[in-house]
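Structure first, commentary second.
The values are calculated or read from the model by the stated rules, or taken from the named source; none is laboratory data. Keep in mind it's a predicted model, so treat the numbers as computed, not measured. Here the Cβ positions follow ideal geometry from the backbone for every residue, glycine too, while neighbour counts run over all protein chains shown.
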C-alpha cells in the first residue's frame, strides 16, 4: 500500500494555482521540460508544436529552441517512470 503524502498549506496553494493557470492556458502555448528547465513554448504558425526533424536515415525530433518564449523556475523532470 502506498504511503499517504500529507501536503502543507503552501503546497496545496501552489497546486491550486497551477490548476487555475491550466484553465486559462492558451492552445498556442505548451510546456517543455529540458534538463530541469521548464520552457514555455509557442506553437508554429500551422498550430503544431515546434520541433526539428533531422532528415537523415533515422529521423529524430527535437524541440526548436527558436520557439522558447520564456522559462519558469519550477523544479521539474521530463523523464518517464
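On the basis of being part of a helix (DSSP H, G or I) and modelled with pLDDT of 85 or more, does residue 77 make the cut?
On the way: part of a helix (DSSP H, G or I): no; modelled with pLDDT of 85 or more: yes.
Criteria not met by residue 77.
Which residues, counting only those in the range 22-34, are under 22 Å from residue 78 (Cβ atoms) and exposed (fewer than 10 other Cβ atoms within 10 Å of the Cβ)? Before you say what the answer is, go through the steps one by one.
Keep residues of the range 22-34 that are under 22 Å from residue 78 (Cβ atoms), which gives 22, 25-34.
Matches in the range 22-34: 22, 26, 27.
Among the residues of the range 39-54, is there at least one that is in a loop (DSSP other than H, G, I, E, B), touching a residue at least 24 places away in the same chain (Cβ under 8 Å) and within 18 Å of residue 71 (Cα to Cα)? Outline the logic, then answer.
Step one: list which residues in the range 39-54 are in a loop (DSSP other than H, G, I, E, B), which gives 43-50, 54.
Checking which are touching a residue at least 24 places away in the same chain (Cβ under 8 Å) leaves us with 43.
From what is left, the residues that are within 18 Å of residue 71 (Cα to Cα) are 43.
Yes, that holds for at least one residue.
Determine, yes or no, whether residue 57 is surrounded by 12 or more Cβ atoms within 10 Å (Cβ to Cβ), out of contact with any helix residue (DSSP H, G or I) (no Cβ under 8 Å at 6 or more places or on another chain) and either closer than 19 Å to residue 78 by Cβ or modelled with pLDDT under 90 (or both).
Working: surrounded by 12 or more Cβ atoms within 10 Å (Cβ to Cβ): no; out of contact with any helix residue (DSSP H, G or I) (no Cβ under 8 Å at 6 or more places or on another chain): yes; either closer than 19 Å to residue 78 by Cβ or modelled with pLDDT under 90 (or both): yes.
So residue 57 fails the test.
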